[in-house]
Amino acid sequence: PVPLLIMALRTRRSRTVFFASGLGGLVFFSLNMYWFWPITKAGAVALIPYLALYWAVFAWGMRKMREVLPVPTTLLAPILWVPLELVRAWMLTGLPWVYLGHTQYENLSLIQIADTLGAYGPSFLVMMTAGLVTDFLTHPIYVRKKGAAPISSRSEMGAVPFSGRRLSRVLIAMVLLAAAAWPATVAYGVWPLGQDTKHPGPVVASVQTCIPQEVKLEARNRQIQELEVRLLADQLNMT
């Protein structure tokens, strides 16, 4: 998300931010929802631009909110991103797929917080971290102390005595916030992973198939019952 955030904050025109982020969303969802095309091309043509619209609204909203609110991107980005994921999970019956938090599916200690916050908890943490990186890339790390001589140009920064500058308190606060959020999230996840989860009662397993869509279409179009029987047998053997 860092390039998306920098583009949203540094691009001059809000209209350009909207369309550029929407184009990025089109590419992203076209690649990640590729399996949708064999099912219904008309549906994919309607669905993918709809999903890309969330990227456009997010980037445009970031730009507009930063113009009126002096809030660091570390806070503003996740505060705006997560509600949009919530809306996407509800609007038009909902499509809670390809969330930012889903990128952390292999980090078991990091995603245990989903038992309370759902995928939105990891999404918030990932976007907050991206916002922190963006703040470091778009804001000065050192700022002029009160009463120090002003810096008339960037080229003069090297000539300003170090004693006349100090670390940005805003960046320090955001670093402390992230430094507290990450260990707290991981600590929350480490504890349940070490607990015994076996209790008396029935054991239920759910097996999700992973058959390529083109294989299903081939079986349907050619009406080869033998292929369908073999697929079923493979699933039964794996189960």
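General remarks:
- Leading residue by the ranking (nearest to Ile6 (Cα to Cα)) among those in the range 63-99 that are of a type in the set (Phe, Trp, Tyr) and in a loop (DSSP other than H, G, I, E, B): Tyr99
- Qualifying positions in the range 6-48 - surrounded by 14 or more Cβ atoms within 10 Å (Cβ to Cβ), over 26 Å from Thr74 (Cβ atoms) and among the β-branched types (Val, Ile, Thr): Ile48
- For Ser21, the test of being over 30 Å from Gly189 (Cβ atoms), modelled with pLDDT of 95 or more and among the polar types (S, T, N, Q) is passed.
- The range 210-234, residues that are polar (S, T, N, Q) and under 33 Å from the mean Cα position of the chain (by Cα): Gln213
- Pick from the range 206-226, criterion free of Cβ contacts under 8 Å to residues at least 12 places away in the same chain and hydrophobic (A, V, I, L, M, F, W, C), ranking: nearest to Tyr34 (Cα to Cα): Cys210
- Qualifying residues in the range 100-114 (those that are open to solvent by 40 Å² or more (accessible area, probe 1.4 Å) and outside any helix (DSSP H, G or I)) - the one nearest to Glu85 (Cα to Cα): Tyr105
- Residue in the range 115-164 that is surrounded by the most Cβ atoms within 10 Å (Cβ to Cβ), counting only those that are modelled with pLDDT under 55 and of a type in the set (D, E, K, R): Glu156
- Residues in the range 172-212 that are assigned to a helix (DSSP H, G or I) and closer than 30 Å to Thr239 by Cβ were compared, and the one that is least open to solvent (accessible area, probe 1.4 Å) is Gly189.
- Any pair with Cβ under 6 angstrom, 6 or more apart, that starts in the range 190-205 at a residue that is within 15 Å of Asn107 (Cα to Cα) and ends at one that is of a type in the set (S, T, N, Q) and open to solvent by less than 100 Å² (accessible area, probe 1.4 Å): Val190/Ser109; Pro192/Gln112
- Scoring Asp135 on the criteria (1) acidic (Asp, Glu); (2) assigned to a helix (DSSP H, G or I); (3) farther than 23 Å from Leu9 by Cβ leaves a single failure, condition (3).
- Those residues of the range 62-91 which are in contact (Cβ under 8 Å) with a residue 40 or more places away in the chain, open to solvent by less than 60 Å² (accessible area, probe 1.4 Å) and not aliphatic (A, V, I, L, M), in sequence order: Arg63, Pro72, Thr73, Thr74, Pro78, Trp81
- Top-ranked residue of the range 213-239 - restricted to ones that are open to solvent by 90 Å² or more (accessible area, probe 1.4 Å) and in contact with a helix residue (DSSP H, G or I) (Cβ under 7 Å, 6 or more places away or on another chain), ranked as modelled with the highest pLDDT: Glu228
- Residue match in the range 49-61 (condition: open to solvent by 60 Å² or more (accessible area, probe 1.4 Å), under 24 Å from Phe136 (Cβ atoms) and not in a helix (DSSP H, G or I)): no
- The one condition in (1) modelled with pLDDT under 95; (2) under 17 Å from Met128 (Cα atoms) that Leu84 fails to fulfil: (1)
The values are calculated or read from the model by the stated rules, or taken from the named source; none is laboratory data. This is a predicted model, so every value here is computed, not measured. Note that we place each Cβ from the backbone using ideal geometry, even for glycine, and neighbour counts take in every protein chain shown. When the accessible area is computed, the model is the full protein with side chains, heavy atoms only, and any ligands, DNA or RNA have been set aside. Shrake-Rupley method; radii C 1.70, N 1.55, O 1.52, S 1.80 Å.
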